[in-house]
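Report on one structure; see the data block that follows.
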Amino acid sequence: MSPPCSPLDSAPPTPPPVTREGFRNAMARLGAAVNIVTTDGPGGRHGFTASAVCSVTDSPPTLLVCLNKGSSAAGPVHANGVVCINTLAAGHEPLSNLFGGRTPPEERFAGGAWRVAATGAPMLVGAVVAFDCRVVRTVEVGTHDVLFCEVVGVAEGGSHESLIYYSRRYHTLSGPTDD
Ligand SMILES: Cc1cc2nc3c(=O)[nH]c(=O)nc-3n(C[C@H](O)[C@H](O)[C@H](O)COP(=O)(O)O)c2cc1C
């Protein structure tokens with residue numbers, strides 16, 4: 001008769017380390033709203049596409065945004081200390097690609113209509129919702145800066161169809177129209 005198995009014998013094998021590619025593939029399964037994060041001020045007008053946007057707390061109302069330290073928008077965002085987080089609507093795919101590509105800032109802004117929010121950051125006309133923010137804290141993690149953004153103004157747009165990035169493609173999510 002064979003001896004009973006010890007817990008160690010039945011333990012699963014040690015999983016392989018998570019590679020950069022493995023992490024990216026896993027993240028492709030995590031759907032997210034698409035936003036254009038804009039800024040303006042002494043560091044100049046700039047903006048970038050971001051899906052790494054998340055609520056932190058409602059007291060005080062705070063969002064976080066993850067910004068690649070190597071992106072061309074990083075310098076202006078830090079110099080200005082303000083951002084507007086514009087959540088994209090259905091049909092905004094070209095604008096998302098414009099702000100996510102290697103185009104000069106003014107070419108990016110030519111793709112949409114903007115007004116100036118209270119902080120001075122550009123607010124996208126036609127966004128599902130826009131959060132006007134002051135950057136109150138920045139934490140560096142690897143390749144990215146995590147920006148903690150205190151929301152000083154909110155504007156809700158007329159669209160009820162949100163742009164979602166999932167499985168490396170754009171999708172549209174429709175919400176109720178009667179609120
Ligand atoms: C759908 C989508 C989501 C993105 N999300 C982020 C993000 O959360 N944070 C970030 O730093 N860059 C994100 N990017 C990439 C930036 O938009 C891109 O690096 C930047 O605009 C271009 O960098 P450049 O100005 O240096 O050319 C995303 C791009 C796309 C298309």
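Look through region 82-108, keep the residues that are under 14 Å from Gly47 (Cβ atoms), in a strand (DSSP E or B) and not β-branched (Val, Ile, Thr), and return whichever of them is farthest from the ligand (Cβ to nearest atom).
Filtering region 82-108 for residues that are under 14 Å from Gly47 (Cβ atoms), in a strand (DSSP E or B) and not β-branched (Val, Ile, Thr), the one farthest from the ligand (Cβ to nearest atom) comes out as Cys84.
Specify which of the listed residues (Leu95, Leu124) is crowded, with 19+ Cβ neighbours inside 10 Å, under 18 Å from Val77 (Cα atoms) and among the aliphatic types (A, V, I, L, M).
The conditions single out Leu124.
Among (1) in contact with a strand residue (DSSP E or B) (Cβ under 7 Å, 6 or more places away or on another chain); (2) more than 11 Å from the ligand (Cβ to nearest atom); (3) among the hydrophobic types (A, V, I, L, M, F, W, C), there is one condition Ala113 misses while meeting the rest; what is its number?
(1)
What residue, among those in region 68-81 that are among the hydrophobic types (A, V, I, L, M, F, W, C) and out of contact with any Phe, Trp or Tyr (no Cβ under 7 Å at 6 or more places or on another chain), is farthest from the ligand (Cβ to nearest atom)?
Result: Ala79.
Mind checking which pairs have a first residue in region 95-121 that is over 22 Å from Arg134 (Cβ atoms) and a second that is assigned to a loop (DSSP other than H, G, I, E, B) and within 11 Å of the ligand (Cβ to nearest atom), Cβ under 7 Å, 6 or more apart or different chains?
Every condition considered, the pairs that remain are Leu95/Leu88; Ser96/Val34; Ser96/Leu88.
Confirm whether Phe109 is at pLDDT 95 or above and more than 25 Å from Thr172 (Cα to Cα).
Details: at pLDDT 95 or above: yes; more than 25 Å from Thr172 (Cα to Cα): no.
So Phe109 fails the test.
Are any residues in region 135-179 more than 25 Å from Ser71 (Cβ to Cβ), within 16 Å of the ligand (Cβ to nearest atom) and hydroxyl-bearing (Ser, Thr, Tyr), and if so, which ones?
Thr172
Does region 159-179 include one or more residues that are under 17 Å from Cys84 (Cβ atoms) and loosely packed, with under 15 Cβ neighbours inside 10 Å?
no
Out of (1) closer than 21 Å to Asp58 by Cα; (2) touching a Leu at 6+ places or on another chain (Cβ under 7 Å); (3) surrounded by fewer than 21 Cβ atoms within 10 Å (Cβ to Cβ), what's the single condition that is false for Phe131?
In the conditions (1) closer than 21 Å to Asp58 by Cα; (2) touching a Leu at 6+ places or on another chain (Cβ under 7 Å); (3) surrounded by fewer than 21 Cβ atoms within 10 Å (Cβ to Cβ), Phe131 misses (3) alone.
Check off (1) over 17 Å from His171 (Cα atoms); (2) within 13 Å of the ligand (Cβ to nearest atom); (3) part of a strand (DSSP E or B); (4) not aromatic (Phe, Trp, Tyr) for Thr49 and give me the number that stays unchecked.
(1)
Would a scan of region 149-162 turn up a residue that is under 13 Å from Thr38 (Cβ atoms) and not small (Gly, Ala, Ser)?
There is at least one residue in region 149-162 that is under 13 Å from Thr38 (Cβ atoms) and not small (Gly, Ala, Ser).
The values are calculated or read from the model by the stated rules, or taken from the named source; none is laboratory data. None of these values were measured; they are calculated from a predicted model. Neighbour counts are summed over all protein chains in view; Cβ atoms, including those assigned to glycine, are modelled from backbone coordinates with ideal geometry.
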